[in-house]
Amino acid sequence: MGLKQRSVSKIAQERFGFSPQDLRTLRGLKTPARIQKFIDELTYQYANTAWSPRRVLRERKGHCLEGALVAAAALRVQGHPPLLMDLEGIRDDDHVVALYRQRGLWGGIAKSNFAGLRFRAPIYRTLRELALSYFEHYYNLRGERTLRSWSSAVNLARLDKQGWMTSEEDVWCVPELLIAARHYPLFPHPVARELPRLDRRSFEAGMHGWVKH
């Protein structure tokens, strides 16, 4: 392969299949805080979909998984690996967090209909610490604390051949990979049976900005 061919190949790789406009959008999200602000501004949608970042950028809406995918794509464009963590609940939906590291510490970016399940600054030494930071904010509409386990970091580069960043079809390969990832319990099962429900004031605080069906 000649020098010119290698240069073209490298440029194509750096674009990850995005249009120049989408690439400019993602490159403009230069910090995790900016990425969080961007996905917060996406219209929250209730839908059984798994849109790629390219489709979310076009439609300007998405749910938890789709917001995390956009965050992972933006982090990758900035030079970070595209990592996700799955938080697993009982009698509740899973929650997906895009991971990043600064100075060896973990932080998280996430889109959620609940105020407390979104951004985390990079202050956590382990993924377990990061997952635990979501516990008090992770509850269902009955006020039950529902978070039970967290997954190891999942690198979406494994799904590049399936086009997770730019596919026009739903990228169900992503949730399938997250479900298959190893999960770790946050605490013993007997502890879970004795958890009190969330108090009303904390419940209402977490519902600030909640989007109804």
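Identify all residues within the range 143-171 that are out of contact with any strand residue (DSSP E or B) (no Cβ under 7 Å at 6 or more places or on another chain) and of a type in the set (Val, Ile, Thr); write none if there are none.
Taking the range 143-171 as the starting set, the residues that turn out to be out of contact with any strand residue (DSSP E or B) (no Cβ under 7 Å at 6 or more places or on another chain) are 143-144, 152, 157-171.
Within the range 143-171, 166, 171 meet the criteria.
Output the number of the condition that residue 150 fails; it satisfies all remaining conditions of (1) surrounded by 13 or more Cβ atoms within 10 Å (Cβ to Cβ); (2) part of a helix (DSSP H, G or I).
(2)
For residues in the range 72-97 being free of Cβ contacts under 8 Å to residues at least 40 places away in the same chain and touching a strand residue (DSSP E or B) at 6+ places or on another chain (Cβ under 7 Å), which is surrounded by the most Cβ atoms within 10 Å (Cβ to Cβ)?
Selected residue: 97.
Any residue that is hydrophobic (A, V, I, L, M, F, W, C) and closer than 26 Å to residue 103 by Cα - is there at least one of those in the range 161-176?
Initial filter on the range 161-176 (hydrophobic (A, V, I, L, M, F, W, C)): 164-165, 171-174.
Keeping just the survivors that are closer than 26 Å to residue 103 by Cα gives none.
Scanning the range 161-176 turns up no residue that is hydrophobic (A, V, I, L, M, F, W, C) and closer than 26 Å to residue 103 by Cα.
Would you call residue 133 hydroxyl-bearing (Ser, Thr, Tyr) and under 13 Å from the mean Cα position of the chain (by Cα)?
On the way: hydroxyl-bearing (Ser, Thr, Tyr): yes; under 13 Å from the mean Cα position of the chain (by Cα): no.
So residue 133 does not fit the description; no.
Being among the aliphatic types (A, V, I, L, M), surrounded by 12 or more Cβ atoms within 10 Å (Cβ to Cβ) and out of contact with any helix residue (DSSP H, G or I) (no Cβ under 8 Å at 6 or more places or on another chain) narrows it down to one residue among 180, 192, 205; which is it?
Exactly one of 180, 192, 205 is among the aliphatic types (A, V, I, L, M), surrounded by 12 or more Cβ atoms within 10 Å (Cβ to Cβ) and out of contact with any helix residue (DSSP H, G or I) (no Cβ under 8 Å at 6 or more places or on another chain), namely 192.
Quick test for you: out of 200, 125, pick the one residue that is out of contact with any Phe, Trp or Tyr (no Cβ under 9 Å at 6 or more places or on another chain) and over 30 Å from residue 59 (Cα atoms). Walk me through it before giving the result.
Numbers: 125 fails: out of contact with any Phe, Trp or Tyr (no Cβ under 9 Å at 6 or more places or on another chain).
On inspection, the qualifying residue turns out to be 200.
Which numbered condition in (1) within 30 Å of residue 26 (Cβ to Cβ); (2) out of contact with any Lys or Arg (no Cβ under 8 Å at 6 or more places or on another chain) is the only one that residue 202 fails?
Answer for residue 202: the failing condition is (1).
Of the residues in the range 98-137, how many are of a type in the set (D, E, K, R) and assigned to a helix (DSSP H, G or I)?
Taking the range 98-137 as the starting set, the residues that turn out to be of a type in the set (D, E, K, R) are 101, 103, 111, 118, 120, 125, 128-129, 136.
With the extra rule that they be assigned to a helix (DSSP H, G or I), the set shrinks to 128-129, 136.
Residues meeting the conditions: 3.
Looking at the structure I just gave you, is residue 174 out of contact with any strand residue (DSSP E or B) (no Cβ under 9 Å at 6 or more places or on another chain) and either assigned to a helix (DSSP H, G or I) or more than 22 Å from residue 68 (Cα to Cα) (or both)?
no
Output yes when any residue across the range 4-18 is at pLDDT 95 or above and either more than 21 Å from residue 208 (Cβ to Cβ) or of a type in the set (A, V, I, L, M) (or both), and no when none is.
Within the range 4-18, one or more residues are at pLDDT 95 or above and either more than 21 Å from residue 208 (Cβ to Cβ) or of a type in the set (A, V, I, L, M) (or both).
The values are calculated or read from the model by the stated rules, or taken from the named source; none is laboratory data. Predicted model only: the values in this text are computed from it and were never measured. We place every Cβ from the backbone using ideal geometry, glycine too, and count neighbours over all the protein chains shown.
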